[in-house]
Amino acid sequence: MGVLMDQPRVTILGVSIHAVDFQATLAQIAAWIRPAESPSTICRQICTVNPEFIMDARRDPQFAAVLQRADLRVPDGIGVLWATRLLGRPLQERVTGSDGIYRICERAAREQWRVYLLGAAPGVAEKTASILQKRYPGLQIVGVYSGSPRAEDWPIIHHHLQLTQPEILFVAFGHPRQDFWIDAHRHELPTKVAIGVGGAFDFVAGVTVRAPRWVQRLGLEWLHRLIHEPWRWRRMLKLPQFVALVIVQRFGLT
């Protein structure tokens with residue numbers, strides 16, 4: 001199963017999250033890719049769990065099952081870190097898809113892992129690949145394709161992946177479609193690890209401007225995104241609900 005399956009976990013509103021940081025996450029990915037430590041031919045799925053994931057899992061049993069089946073559920077979002085502190089199991093680092101694409105590609109360039117970029121609008125994955133390869137010399141991005149999670153796109157996606165045989169597959173179909181898609185196809189995916197990265201390609205390519213680092217450190221990245229993408233306001237309503245429910249979990253209120 002790899003190096004981290006005994007890693008402690010914290011459960012937030014019924015969703016179990018692995019107590020990992022980026023270093024531990026990269027170690028687990030490396031273990032899955034090394035043939036001696038990963039005899040399984042089934043693709044491993046990583047889910048970056050933020051408060052929206054947790055709230056959606058409460059309402060949708062099918063999505064909750066997808067999270068449960070994922071091999072690694074990493075803590076994404078300042079709300080998750082806050083919840084772990086309140087629950088007495090503090091985690092110190094967010095493991096986000098937006099940062100993870102850089103951290104994983106840096107390691108991939110060093111280890112010669114083959115990477116495939118799937119998703120986002122036409123042309124975005126190509127620009128993302130170019131930027132990442134300039135940033136990390138030697139990075140092998142063996143393919144890019146915008147595609148979609150629609151059933152009719154699966155044959156061509158599968159064909160591309162069969163031809164290129166990547167170790168790492170980044171899927172940017174957006175939440176929750178990317179997570180459902182990986183879960184549905186993981187037994188057929190010819191790759192070692194697949195991770196849903198949401199809008200990470202847009203951030204790398206400059207299509208969407210990410211919050212400055214100081215805003216991220218203050219835990220206000222959500223506010224920055226809301227200001228720049230006001231259509232997100234309905235999704236943001238899940239945050240106060242999440243906070244209230246975590247307080248109920250912590251203090252056993254009824």
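Throughout, read-outs are computed from the coordinates displayed, never taken from laboratory work. This structure is a prediction, so every number in the text was calculated from the model and none was measured. Backbone-built Cβ (ideal geometry, glycine too); neighbour counts: all protein chains shown.
This ranking places W154, W32 by how few other beta-carbon atoms lie within 10 Å of each, fewest first, which gives W154, W32.
Loop-resident GluC sites (Glu not before Pro) (DSSP state other than H, G, I, E or B) in the range 87-153 with no more than 16 further Cβ atoms inside 10 Å of their Cβ: E93.
Extension gain, L86 to Q23: 0.36 nm times the residue separation minus the Cα-Cα distance gives 20.3 nm.
When the charge dipole of the range 68-195 is built from unit charges on Cβ atoms (+1 for Lys and Arg, -1 for Asp and Glu) and taken about the Cα centre, the candidate among Q68, T164, T191 whose Cα reaches farthest toward its positive end is Q68. Beta bridges from DSSP with both residues in the range 9-205: antiparallel share about 15 percent, rounded to the nearest 5. Put in order of Cβ neighbour count within 10 Å, fewest first, the listed residues H187, H158 become H187, H158.
A Förster distance of 25 Å, applied to the separation of the beta-carbon atoms of L13 and I42, puts the FRET efficiency at 0.35.
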